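Q: One structure, as structure tokens, below. Some questions next.
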Amino acid sequence: MYHGGGMYVLAKKLFPICRSITGAGFRQSLKILDEAIGGNILQIHSIKSGTKVYDWIVPQEWQINDAYIVTPDGEKICDFKENNLHVLNYSEGIDAEISLQELQNHLYSIEDYEDAIPYVTSYYKRRWGFCIKHKDRKKLKNGNYKVFIDAKHFDGVLNYADFIIPSTQNCKDEILISTYLCHPSMANNELSGPIVAIFLAKWLLEQKHRKYNYRFLIAPETIGSIVYINKHLKHLQKYTKAGFALSCIGDDNAYSLIHTPREDTLADKVALHTLKNKANFKEFSFLDRGGNERQFCAPLVNLPVVGVCRTRFGDYKEYHTSKDDLSLISPTSLENSLKAMQEIIMNLEINEIYKSTTFCEPNLGKRGLYHTINTVSTNSQIPLSCNFLAYCDGQNDVLDIASKLNIQAYELKDLIEKLKFHKLIL
Amino acid sequence: MYHGGGMYVLAKKLFPICRSITGAGFRQSLKILDEAIGGNILQIHSIKSGTKVYDWIVPQEWQINDAYIVTPDGEKICDFKENNLHVLNYSEGIDAEISLQELQNHLYSIEDYEDAIPYVTSYYKRRWGFCIKHKDRKKLKNGNYKVFIDAKHFDGVLNYADFIIPSTQNCKDEILISTYLCHPSMANNELSGPIVAIFLAKWLLEQKHRKYNYRFLIAPETIGSIVYINKHLKHLQKYTKAGFALSCIGDDNAYSLIHTPREDTLADKVALHTLKNKANFKEFSFLDRGGNERQFCAPLVNLPVVGVCRTRFGDYKEYHTSKDDLSLISPTSLENSLKAMQEIIMNLEINEIYKSTTFCEPNLGKRGLYHTINTVSTNSQIPLSCNFLAYCDGQNDVLDIASKLNIQAYELKDLIEKLKFHKLIL
Amino acid sequence: MYHGGGMYVLAKKLFPICRSITGAGFRQSLKILDEAIGGNILQIHSIKSGTKVYDWIVPQEWQINDAYIVTPDGEKICDFKENNLHVLNYSEGIDAEISLQELQNHLYSIEDYEDAIPYVTSYYKRRWGFCIKHKDRKKLKNGNYKVFIDAKHFDGVLNYADFIIPSTQNCKDEILISTYLCHPSMANNELSGPIVAIFLAKWLLEQKHRKYNYRFLIAPETIGSIVYINKHLKHLQKYTKAGFALSCIGDDNAYSLIHTPREDTLADKVALHTLKNKANFKEFSFLDRGGNERQFCAPLVNLPVVGVCRTRFGDYKEYHTSKDDLSLISPTSLENSLKAMQEIIMNLEINEIYKSTTFCEPNLGKRGLYHTINTVSTNSQIPLSCNFLAYCDGQNDVLDIASKLNIQAYELKDLIEKLKFHKLIL
């Protein structure tokens, strides 16, 4: 089934909203995501400003209504209503008239990418500021500027959403799908992450059989995952078999995998198995991490969570600027990313350790699983069934065997069903 | 001593016989092999048709007397007496007159190798058929053909031979040499295997010292080894330290090793150590297996048996055709293969774990094992004895150390004797 | 601080002395080394001739006063007083007139390096002899030669020196620095080893903090280290965490590391970490050993001692000849070798296993350890502190983490201090 169109429509709907780590934009976005999956699926949680979580304090809620600068010539620039990236995200309010010189201390632009408005945040130190294209900044003349930001911070809540799509087999083990949603109008980073996650959830809900429980988390970056880990650590450590942090997954470039520090968890194994043969696949160590895998893989948390991206955060020019817009993502690339995640899940679901039940090779021919005549063309070809059985020694799992056979584990599904039917594996 | 000539003579004697997995040709061949080694060495065993062995049933005995086709022009073609490959091996009998169209369903030929008669078998489904050069098949005209195969299947026995050349040291451990003998007139596959095995046995009988027992098995492919494993599994699992399945070992190309699934058994280690430096040596995973190692290495059997070939089965054009004739093997190549197997055995026999007995290096000079003068030419050369001792830590075995020293383990024999004589290793 | 000049001056002072494995030259050299470090630091030990140590007997003391040959023309050649390499080291005395033919049996020269006097020794078999440039040897005419060596062997002592620079933290663990000093007038091999060792000791004495005890050993090659191991084996095995055998460390070529047989000790790890990024660094297996690491790493001794050289012994033409003179070493290269050893020590001293104390990443910004604003330039850069913490899992040591981060462990010192101050690691 084709989903790319719907995914892109959802991106268009979410794009204009001004999100931050707290506030109305974040809540509105969660609501839209919930509707996209059918409603009443996302569990939306609130945690009070000022709550201590490990080494951190939950920050205040941020409310932004308007922001702009008026030049000495009376021109309105950096208009929040035109592009919400113009305001420093989580900025304090201000209403003043200041010199250009003073204003410069509060402007952010990129000298060697002068056509782009940068995305800048200051969550843990109060500042006010505007982000501006460098080419526009260069034109500013001396004189007095009116700076106006109608924003405030107040004790409110930080929100995040989670939901579980349950195992159909009463299994306790969980797969974690994590993504963040705190960036304002940017498309690849990060609307692509939540959108792929939501469509992955839709697909999982349609499946008749699910070995695992699937835990989805949509939270603000860093503080959101810290809040979540703080609340669920023991449970997560006990039941999470593999996790995937999705971001920057809507462009059309090669897939990237960011490993856990140990590099040997089931998440590393299944993601590598699934992605390694995709064109130009890139493998990164944990040193190249960037999203919430930073928290999930911290030493005392130590969850098996890898990062999955197309172009890794920071490795594309448009990253964290107004150029990361809807033209950077496409229905096709979103659809392909969804498919890659589905493949990862299918490879996880098929993965078991089997043991051959027969001494020596079984007589596959009598069960119709092997040719009964040996000619030159068949002679030196051992069938897949026979190769699969040869490694079913009670130690290799299906991922191990599929990697040896150089095929995707889920492609062995029919074969495994047949072998189970004939009681040739247990 | 030169054996190539005798090996080739034996090949010539065995070549014309029509063998199959059961029947008189197989028995006659075993008898000739037994004579070649001096007589009364091979223990010939019979197992009744219909006996259940694991997932298999021992097939009936096959008796073939004659087979041919008479063309509409009265010409006799596909004459079994000219080349026993002309009949589908294990074919049913037939005596009928049929159209060319019907005959075509029972003919086997190779389109892109039109000068060769293919070797085709149908053991587990009853069929009748003829194998023919493709260039001859193309000449067949419409009309009625007389097809005649004087063959029958009946409840009889399946045969195989084994024998043990005992340890001279009362050791219980065994080395297995396995080869199969069920192919009709083809030389490299498979007369080379049994011939190298028999001459290896002759050589072993001449040795004064044998650490291990050497168990030889000459059986039909697949079913023969399954029957054998069925009868001896516990013993084999308990005592087999390493095993070697020999086939396609009479041509003059590079040596090939087919690893066990685990790739780390003593058989893998010693075969790799022995063969790796031979010109163009090829290493294959268990995925590239083809002979009885398929059964010996099945998960529940799990014996340390590697395959040793020259050109691997299926990797040469003549494989399983009438072109695999006596011109494909030679006295020299058979002799060299025998030598390679002798090297493997010598490397196994020399292999032990030793521990140096002295703290620090011993004074080798006073025992005549080291120069007593240090000049420029001797200064930077540490003698082999000293290097060997440096790794005798009670953990490395002789194969490990020889691999580090980049020589064949058996080349350390004199040195080891000297060091033992001087009580420098234990 | 610059030490190269002082190191080179010390080399010039030691160079002329005729050393051997026993005797006055060795003692005189130890005294000069002791003065160089300030006096009364080296503990000089004596062990009687004839003492049994493991498989060896301590050889007699050697006293040499003069040696020369008088040619038939009355010319004095091979004059010990001109170059002490002219006499076979540890030679017997002789005073005789012999034919050229007989003399030839007692001459040592190098045919393809005819300008160099070779360095030749005969410690464990009594011989007399002279070493001569091959170009001079070729000129010798027939006739009677007077050969005179005023040397004798007598029951005396073998000497060696050791000293310990103690831990400032009451730690029992030791680092061993070993070097030998038994060669006569040669510079790189081996004056460079003792000189680097002595200046390393001077530097260690200046340090305020030393985690480890540093055990220095200056002994004759082979027999000296055997004597030492014999006396201290249990202590050395219990407390030696890493050891370094220094020789041929005064030239200006690439650094070389000679591994232990196991290749995985702390000494292997820290030396590899420190040296691997130096230009043209060379890594050798234990098969390429040559100095006292031969004894320290013998199987029953099994100490974690690697060899550290510039050009490995035997890999330079001048090795063990009169051409290994003061022109082969330089103040700069001695200084650089000292620095490399200091780096090894600093990497050892900083090496610990830390564990992050916080769940999730700590809030580094509030401690001034991280920027508080996220702009495009900072976004995709994770600070070193954060990367270091990410691997502080209680299993990786600082060397492991520094290798991942591709910097020298000691460069993490300030960072580690800060993290400890903030109680972010334990």
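Q: Once all Cα-Cα distances of chain C are split into 20 Å bins that start at 0, what whole-number percent is in each one?
A: Whole-percent P(r) values from 0 Å outward: 24, 49, 20, 6, 1.
Q: From the cross-link list A:13/A:278; B:366/C:48; B:366/B:418, which pairs have alpha carbons spaced over 25 Å apart?
A: Pairs exceeding 25 Å: A:13/A:278.
Q: Determine the gain in length on full extension of the stretch residue C:70-residue C:102; use 0.36 nm per residue of separation and subtract their C-alpha separation, reporting nm with one decimal.
A: Between residue C:70 and residue C:102, full extension yields 10.1 nm more.
Q: OK, next. Quick one: 3J(HN,Hα) in Hz for the stretch B:148-156, Karplus 6.51/-1.76/1.60 with θ = phi - 60°, rounded, Gly and Pro as x.
A: 9, 10, 9, 9, 8, 10, 8, 5, x
Q: Continuing with the same structure: Before anything else, pin down the relative contact order of the stretch A:61-154: Cα pairs under 8 Å, at least 6 apart, normalised by residue count, whole percent.
A: 45 percent
Q: Also, I was wondering about something else. May I ask you to derive the FRET efficiency for residue B:423 and residue C:40 from their Cβ-Cβ distance with R0 = 41 Å, giving the value to the nearest 0.05?
A: Efficiency, from the Cβ-Cβ distance: 0.35.
Q: Just the number, please: percent antiparallel of the DSSP beta bridges in the protein assembly as shown, rounded to the nearest 5.
A: 65 percent
Q: For the stretch A:312-323, take each phi angle, set θ = phi - 60°, evaluate the Karplus expression 6.51 cos²θ - 1.76 cosθ + 1.60, and give the result in whole Hz per residue in order, putting x for glycine and proline.
A: 4, 2, x, 8, 10, 4, 6, 3, 6, 9, 5, 7
Q: Which whole-angstrom value gives the distance between the alpha carbon centres of the stretch C:21-77 and the stretch A:169-208?
A: Answer, in whole Å: 79.
Q: Let me ask something else about it. In whole Å and largest first, what semi-axes does the C-alpha gyration tensor of the stretch A:1-127 yield when each eigenvalue is scaled by 5 and square-rooted?
A: So the three semi-axes of the stretch A:1-127 are 31, 22, 13 Å.
Q: Which chain C residue hugs the C-A rotation axis most tightly by its Cβ, and what is that distance in angstrom, to the nearest whole number?
A: C:264, 11
Q: Rounded to the nearest 0.05, what FRET efficiency do residue A:206 and residue A:287 give with R0 = 45 Å and r taken as the Cβ-Cβ distance? Could you check?
A: The computed FRET efficiency comes out at 0.75.
Q: Shifting gears a bit: Could you pull the Cα extents of the stretch C:320-370 along its three principal axes, largest to smallest, in whole Å?
A: Computed over the stretch C:320-370, the largest-to-smallest principal extents equal 64, 22, 13 Å.
Q: At 7 angstrom along the Cα-to-beta-carbon line, where would the label on residue B:48 sit relative to the other copies? Give the distances in nm, shortest first.
A: From this label point to the equivalent ones elsewhere in the assembly: 8.7, 8.7 nm.
Q: To one decimal in nm, how far is residue A:2 from the same spot in the other copies, if labels go 7 Å from Cα toward Cβ? Please give the shortest first.
A: When each copy's label point is compared with this one, the spacings are 7.7, 7.7 nm.
Q: I'd like the antiparallel share, as a percent to the nearest 5, of DSSP beta bridges with both residues in chain C.
A: Antiparallel: roughly 60 percent of the beta bridges in chain C.
Q: Cα axis of helix A:192-206 to longest principal axis of chain A: angle in degrees, 0 to 90, nearest 10?
A: 40 degrees
Q: Quick one: angle between helix A:266-275 and the longest Cα principal axis of chain A, in degrees between 0 and 90, rounded to 10, please.
A: Roughly 90 degrees between the two axes.
Q: Between A:343, A:35, A:221, find the one with the highest GNM mean-square fluctuation for chain A; connect C-alpha pairs within less than 10 Å.
A: Judging by the Gaussian network model, the answer is A:35.
Q: Report the antiparallel proportion of the DSSP beta bridges in the stretch B:117-267 as a percent, rounded to a multiple of 5.
A: 30 percent
Q: Which translational diffusion coefficient, to the nearest whole µm²/s, is obtained for the stretch A:61-154 from the Stokes-Einstein equation, given a Kirkwood hydrodynamic radius over C-alpha pairs, 20 °C and 1.002 mPa s?
A: 163 µm²/s
Q: Okay, next question. Equivalent-ellipsoid semi-axes (√(5λ), Cα gyration tensor) for the protein assembly as shown, whole Å, largest first?
A: Three semi-axes, in Å: 62, 62, 25.
Q: Also: So in chain A, which Cys have no other cysteine's beta-carbon sitting under 4.7 angstrom from theirs?
A: Here A:18, A:78, A:131, A:171, A:182, A:297, A:360, A:386, A:392 come out as lacking a disulfide-compatible partner, given the Cβ-Cβ threshold of under 4.7 Å.
Q: Based only on other Cβ atoms within 10 Å, what is the fewest-to-most ordering of C:322, C:20?
A: Neighbour counts put them in this order, fewest first: C:322, C:20.
Q: For residue C:92, which sequence-distant residues (separation of 5 or more, or a different chain) have an amide H within less than 5 Å of its own amide H, given hydrogens modelled in the peptide plane?
A: For residue C:92, the qualifying residues are C:127, C:128, C:129.
Q: Could you tell me the center-to-center distance, by alpha carbons, between the stretch B:80-107 and the stretch B:323-350 in angstrom?
A: The two parts, judged by their Cα centres, are 37 Å apart.
Q: Compute the FRET efficiency between residue A:414 and residue A:51 as 1/(1 + (r/R0)^6), taking r as their Cβ-Cβ distance and R0 = 51 Å, and round to the nearest 0.05.
A: FRET efficiency, residue A:414 to residue A:51: 0.50.
Q: Averaged over A:287-300, how many beta carbons belonging to a partner chain fall within 10 Å of each residue's beta carbon?
A: Mean partner shielding for this stretch: 5.
Q: Please give the peptides A:46-57, B:117-128 ranked by average Cβ packing (other Cβ atoms within 10 Å per residue), highest first, as a rough proxy for protection.
A: Answer by packing, highest mean first, reads B:117-128, A:46-57.
Q: What percent does the relative contact order of the stretch B:105-155 come to when contacts are Cα pairs within less than 8 Å and at least six residues apart?
A: 35 percent
Q: Scan around residue C:163 for amide H atoms under 5 Å from its own, H built in the peptide plane at 1.01 Å from N, and keep only partners 5 or more places away or cross-chain.
A: Those qualifying (amide H under 5 Å, at least 5 residues apart or on another chain) are C:43, C:216.
Q: Just want to confirm a number: the relative contact order over chain B, from Cα pairs under 8 angstrom separated by 6+ residues, in percent.
A: 16 percent.
Q: Which GluC sites (Glu not before Pro) in the stretch B:253-296 sit in a loop by DSSP (not H, G, I, E or B) and have at most 14 other Cβ atoms within 10 Å of their own Cβ?
A: Qualifying residues, ordered by number: B:263.
Q: Which distances in nm, rounded to one decimal and ordered from shortest, link the label point of residue A:66 to the equivalent label points in the other identical copies, with labels set 7 Å from Cα toward Cβ?
A: Sorted ascending, the copy-to-copy spacings read 11.2, 11.2 nm.
Q: When you look at the Cβ of every residue in A:352-364, what mean number of other chain Cβ atoms sits within 10 Å?
A: Mean shielding count: 6.
Q: Here is a further query. Considering amide H positions built from the backbone, and no H for Pro or chain starts, which residues 5 or more places from residue C:23, or on another chain, come under 5 Å of its amide H?
A: Those qualifying (amide H under 5 Å, at least 5 residues apart or on another chain) are C:62, C:159.
Read the figures in this text as sums done on the coordinates, not as results from a lab. Keep in mind it's a predicted model, so treat the numbers as computed, not measured. When we count neighbours, we look across all protein chains shown, and the Cβ atoms used for this are built from the backbone with ideal geometry, even at glycine.
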